[in-house]
């Protein structure tokens, strides 16, 4: 729990300086332990970070009601898996959210979605979560926020230009393939270079 908490607080230092710890301490003993560890870690090592607490059911509601109130959310795997899928719908598709499993020595970056076997080999997948996972790797593991910013800007510019994969093409809008979306992001990145 301490390692997970440290990762959240360190991420907050690179962002707005706010962490919301999500658990269910009012009914789960393990959540009481989670909360006490996060509070102790905050007090002893991260007093410069603003820490708030929220029960998971309220966090699920608040994520839809006012997602901008959150910056870094720290929670266990079960609640995190549920909230990340919910949060993906705020962006329009599960194909939009990157994620990271950051350990003390190693980290793994990947989209929040699974392998999508139902569309495997059809060139339909949205590659943006994978591309944004690379941006996270640049920022958090390679200490290259400058390059992470460019990757994120290239994705934003591509979306601003109206390029959409099928999962983002609402109301009969035109869509491009996975490889075409990747090519469009690469072209936007080259323009930023």
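For this structure, a couple of remarks:
- Of the criteria (1) farther than 27 Å from residue 154 by Cβ; (2) in contact with a strand residue (DSSP E or B) (Cβ under 6 Å, 6 or more places away or on another chain); (3) in contact (Cβ under 8 Å) with a residue 40 or more places away in the chain, which one residue 100 fails: (1)
- Given (1) surrounded by fewer than 14 Cβ atoms within 10 Å (Cβ to Cβ); (2) at pLDDT 95 or above, number of the condition residue 18 does not satisfy: (1)
- Subset of the stretch 93-107 [closer than 18 Å to residue 75 by Cα and more than 13 Å from the chain's Cα centre (by Cα)]: 103, 104, 107
- Restricting the stretch 140-176 to residues that are touching a residue at least 60 places away in the same chain (Cβ under 8 Å) and more than 30 Å from residue 12 (Cα to Cα) leaves a set whose member that is surrounded by the most Cβ atoms within 10 Å (Cβ to Cβ) is 165.
- Restricting attention to the stretch 51-92, the residues being part of a helix (DSSP H, G or I) and under 20 Å from residue 28 (Cβ atoms) number 17.
- Lone qualifier among 80, 114, 76 - being over 22 Å from residue 145 (Cβ atoms) and surrounded by fewer than 17 Cβ atoms within 10 Å (Cβ to Cβ): 114
- Taking the criterion of being assigned to a helix (DSSP H, G or I) and loosely packed, with under 14 Cβ neighbours inside 10 Å, the residues of the stretch 21-37 that qualify are 29, 30, 33, 36.
- For the stretch 108-128, a tally of residues being more than 17 Å from the chain's Cα centre (by Cα) and in contact (Cβ under 8 Å) with a residue 12 or more places away in the chain returns 3.
The values are calculated or read from the model by the stated rules, or taken from the named source; none is laboratory data. These figures come from a predicted structure and were not determined experimentally. Neighbour counts are summed over all protein chains in view; Cβ atoms, including those assigned to glycine, are modelled from backbone coordinates with ideal geometry.
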